[in-house]
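S.K.: Here it is, the structure, as structure tokens.
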């Protein structure tokens, strides 16, 4: 049992949260094994959780690597404001690379039509940024419970020069030992919260009292329905047909991806305690609200092979 | 919340994925959208039942061939525990995946098809779980519905398995037999009405009752230094913290410690976890330690309690499990990663290969291929500070990295 010097009872950090201890260990391995790591920050709850874990791993030093945001240009305004405030508090460098620039350079072509999204396009922007800054490790908030292909992902996942994932030739990960040896041009995607579930993340945010963007909590929003999902009608990012009627509902977002592919859920949970309770009883998986995964049964695996996070 | 990691082992068609799917379904861990996807695909494939294996078989190739080809991780929780299941494939050629899955697990489920009984594969599954010193092993005798829920058949398989247990090296293993039907849901989460003769716990009841304290092999405290924290700010000008994870035992403020390899002595001044100080760091906590004296410590060094030193040597013998397509031969060199410490290692002697089905050993082998298990002596360019695997799961294990491919080519358990 670990007892705090100040006498507060039972601070047994082992049994309280083995996942937190594992994540801190992973962060320290990244800092020690790589020359130029970067933390991929989307402004979502998973990357916010990563930031807190990184703070814990290196205290009283600052986080020893920059944060990078691959900006699709379709962000919820709340998450951008939140991002800028957080970076200022941390005193770390923020790198932003925009999908719009990649489109303007003619490297990718904007999708059109009812389901147009920039989610796929951000892969090119990410790979370009990795090459530009010569990052050898990119830390991300992906979790194995999110999706079937992610369930096979390693904690240190090697990508080749083209950013591709060779899922059949992954390095075995034994005990706690993480092998970060790579060749020049390769990079490693690192997933410190691989073993966390959605509920683990929310419970951690609750326990640690971590601030998150307001759109994660229930609020009144102009929405419309399509394919049984709830879409934000507050901005012109999501294409809306004329027969898709707008109405106001109390909603929140469970995941904050690109606005064009992130659906909301009906909710009255306007506090973290209510959100945790709601997740605990939820009947729909988190990615059930991500339209990009519904394109096909193997959608995620295909995107990952191409270098998607 | 407690976290229990479970490795699973079974041969093709033993119904491993179905068992895991059943656990998820009966614990209400499958969300509506996942369940709908399973219903849809089951119908498409022409089944009149729900194919729960669809809940776990992740990669396209697996869905096409209907087999599991890599370690997948599955998560579910009950009111008392969080479970992580490492779903490892059971083919002969995938020993490496089973070893990998077992290395991070505290419990294991070995599946046996009640129609086939104990087969050669079962020997291998048991051998690996025993080699990895998994404390809690559940032998799930599956497909009981296909043998008329026969008690006699269950007893026969149990007795065959007990014969196998006589050959094991690690004796202090808890082994529990449970007759189940993953497809029909008997004795997985819910008690079977078809097998009133079975008075034991269901699979989930057993897992719920597993005590973590029993399944972590306790050793002596070892603190491999991962990273040195030197903020050099005004507030923490002279702060020099050693970041790492505590293995095997506890470390407390005031403990006299020896830094390896320099053999310098000091005392623990403070133990930090984030911005709070603690008197004691328990096993497997990621803390930052400061020492009373200003001494030079870097990554790969190890703090141990004075009077409790590990073996410090440049040569040792280990059981290794080879995982690479490139063969291991006498004289070949590897990067040996022991915890967070890396040294160069040369293969000195291959003593003998061990057949993981308990059929004996083979001497006079010149090389090891993928999935071979063998006794090997290594010579190192620098000493490492180790314990035997038997006494210390973490400090007694290492990986071998091929410096050409950078692949993790093998894992070793020090004698």
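The values are calculated or read from the model by the stated rules, or taken from the named source; none is laboratory data. Owing to the predicted nature of the structure, the values given are computational and were not obtained by experimental measurement. When we count neighbours, we look across all protein chains shown, and the Cβ atoms used for this are built from the backbone with ideal geometry, even at glycine.
S.K.: Give the number of residues within the range B:228-252 that are more than 34 Å from the chain's Cα centre (by Cα) and within 17 Å of residue B:310 (Cβ to Cβ).
M.R.: Residues in the range B:228-252 being more than 34 Å from the chain's Cα centre (by Cα) and within 17 Å of residue B:310 (Cβ to Cβ): 0 in total.
S.K.: Looking at the range B:302-415, what strands (runs of 3 or more DSSP E) fall wholly within it and have at least 3 residues that are out of contact with any helix residue (DSSP H, G or I) (no Cβ under 6 Å at 6 or more places or on another chain) and surrounded by 18 or more Cβ atoms within 10 Å (Cβ to Cβ)? First the steps, then the outcome.
M.R.: Numbers: elements: B:302-305, B:311-322, B:333-338, B:341-354, B:361-363, B:373-386, B:397-401, B:408-414.
Because the criterion is at least 3 residues that are out of contact with any helix residue (DSSP H, G or I) (no Cβ under 6 Å at 6 or more places or on another chain) and surrounded by 18 or more Cβ atoms within 10 Å (Cβ to Cβ), the strands (runs of 3 or more DSSP E) in the range B:302-415 that meet it are B:302-305, B:311-322, B:333-338, B:341-354, B:373-386, B:397-401, B:408-414.
S.K.: Just give me the residues in the range B:223-236 being more than 8 Å from chain A (Cβ to nearest Cβ) and in a strand (DSSP E or B), in sequence order.
M.R.: So in the range B:223-236, the residues more than 8 Å from chain A (Cβ to nearest Cβ) come out as B:223-225, B:228, B:232, B:234.
Scanning the range B:223-236 gives B:223, B:224, B:225, B:228.
S.K.: If a residue must be free of Cβ contacts under 8 Å to residues at least 12 places away in the same chain and in a helix (DSSP H, G or I), how many such residues does the range B:1-34 contain? So that I can check it myself, show each step before the final result.
M.R.: Just the residues of the range B:1-34 that are free of Cβ contacts under 8 Å to residues at least 12 places away in the same chain, to begin with: B:28, B:31-33.
Still in the list and also in a helix (DSSP H, G or I): B:32-33.
Of the residues in that region, 2 qualify.
S.K.: Counting only residues that are touching a strand residue (DSSP E or B) at 6+ places or on another chain (Cβ under 7 Å) and more than 9 Å from chain B (Cβ to nearest Cβ), which one in the range A:156-179 is surrounded by the fewest Cβ atoms within 10 Å (Cβ to Cβ)?
M.R.: Top of the filtered list is A:159.
S.K.: Follow-up question, since we're still on this one. Does the range A:231-248 contain at least one residue that is at pLDDT 85 or above, within 29 Å of residue A:52 (Cβ to Cβ) and either in the same structural domain as residue A:47 (by TED's automatic domain parsing) or surrounded by fewer than 16 Cβ atoms within 10 Å (Cβ to Cβ) (or both)?
M.R.: No: zero hits.
S.K.: Residues to consider are B:249, B:254, B:241; find the one that is farther than 29 Å from residue B:172 by Cβ, buried (at least 18 other Cβ atoms within 10 Å of the Cβ) and either outside the structural domain of residue B:338 (by TED's automatic domain parsing) or in contact with a strand residue (DSSP E or B) (Cβ under 7 Å, 6 or more places away or on another chain) (or both). Give the derivation first.
M.R.: On the way: B:249 fails: farther than 29 Å from residue B:172 by Cβ; B:254 fails: buried (at least 18 other Cβ atoms within 10 Å of the Cβ).
Of B:249, B:254, B:241, the one residue that is farther than 29 Å from residue B:172 by Cβ, buried (at least 18 other Cβ atoms within 10 Å of the Cβ) and either outside the structural domain of residue B:338 (by TED's automatic domain parsing) or in contact with a strand residue (DSSP E or B) (Cβ under 7 Å, 6 or more places away or on another chain) (or both) is B:241.
S.K.: So in the range B:103-122, with the set limited to residues that are within 20 Å of residue B:169 (Cα to Cα) and touching a helix residue (DSSP H, G or I) at 6+ places or on another chain (Cβ under 6 Å), which one is farthest from the other protein chains (Cβ to nearest Cβ)?
M.R.: Result: B:118.
S.K.: Hey, residue A:273 hits all of (1) farther than 17 Å from residue B:32 by Cα; (2) at pLDDT below 90; (3) assigned to a helix (DSSP H, G or I) but one; which does it fall short on?
M.R.: Unmet for residue A:273, out of (1) farther than 17 Å from residue B:32 by Cα; (2) at pLDDT below 90; (3) assigned to a helix (DSSP H, G or I): (2).
S.K.: Looking only at the range B:280-301, count how many residues are surrounded by fewer than 17 Cβ atoms within 10 Å (Cβ to Cβ) and modelled with pLDDT under 95. Steps first, answer last, please.
M.R.: Our first condition is that a residue be surrounded by fewer than 17 Cβ atoms within 10 Å (Cβ to Cβ); within the range B:280-301, this holds for B:292-296, B:298.
Remaining after also requiring modelled with pLDDT under 95: B:294-296.
Residues in the range B:280-301 being surrounded by fewer than 17 Cβ atoms within 10 Å (Cβ to Cβ) and modelled with pLDDT under 95: 3 in total.
S.K.: Take residues that are under 30 Å from residue B:289 (Cα atoms) and tell me which of the helices (runs of 4 or more DSSP H) falling wholly in the range A:16-124 contain 2 or more. Quick ask: steps written out before the conclusion?
M.R.: Values: elements: A:18-33, A:45-58, A:77-90, A:99-104.
Where helices (runs of 4 or more DSSP H) fall fully within the range A:16-124 and carry at least 2 residues being under 30 Å from residue B:289 (Cα atoms), they are A:18-33, A:45-58, A:77-90.
Matching residues to (1) in contact (Cβ under 8 Å) with a residue 60 or more places away in the chain; (2) more than 14 Å from every other protein chain (Cβ to nearest Cβ):
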| residue | (1), (2) |
| --- | --- |
| B:184 | no, yes |
| B:194 | no, yes |
| B:203 | yes, yes |
| B:211 | no, no |
| B:221 | yes, no |
| B:238 | no, no |
| B:243 | no, no |
| B:251 | no, no |
| B:258 | no, yes |
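S.K.: What number goes with the only condition from (1) within 15 Å of the chain's Cα centre (by Cα); (2) modelled with pLDDT under 90 that residue B:81 does not pass?
M.R.: Of everything listed in (1) within 15 Å of the chain's Cα centre (by Cα); (2) modelled with pLDDT under 90, residue B:81 misses just condition (1).
S.K.: So if I check each of B:112, B:128, which one is under 11 Å from the mean Cα position of the chain (by Cα), more than 20 Å from residue B:209 (Cα to Cα) and in the same structural domain as residue B:172 (by TED's automatic domain parsing)? Even if it seems obvious, please write down each step before you answer.
M.R.: Numbers: B:112 fails: under 11 Å from the mean Cα position of the chain (by Cα).
Every option except B:128 fails the conditions.
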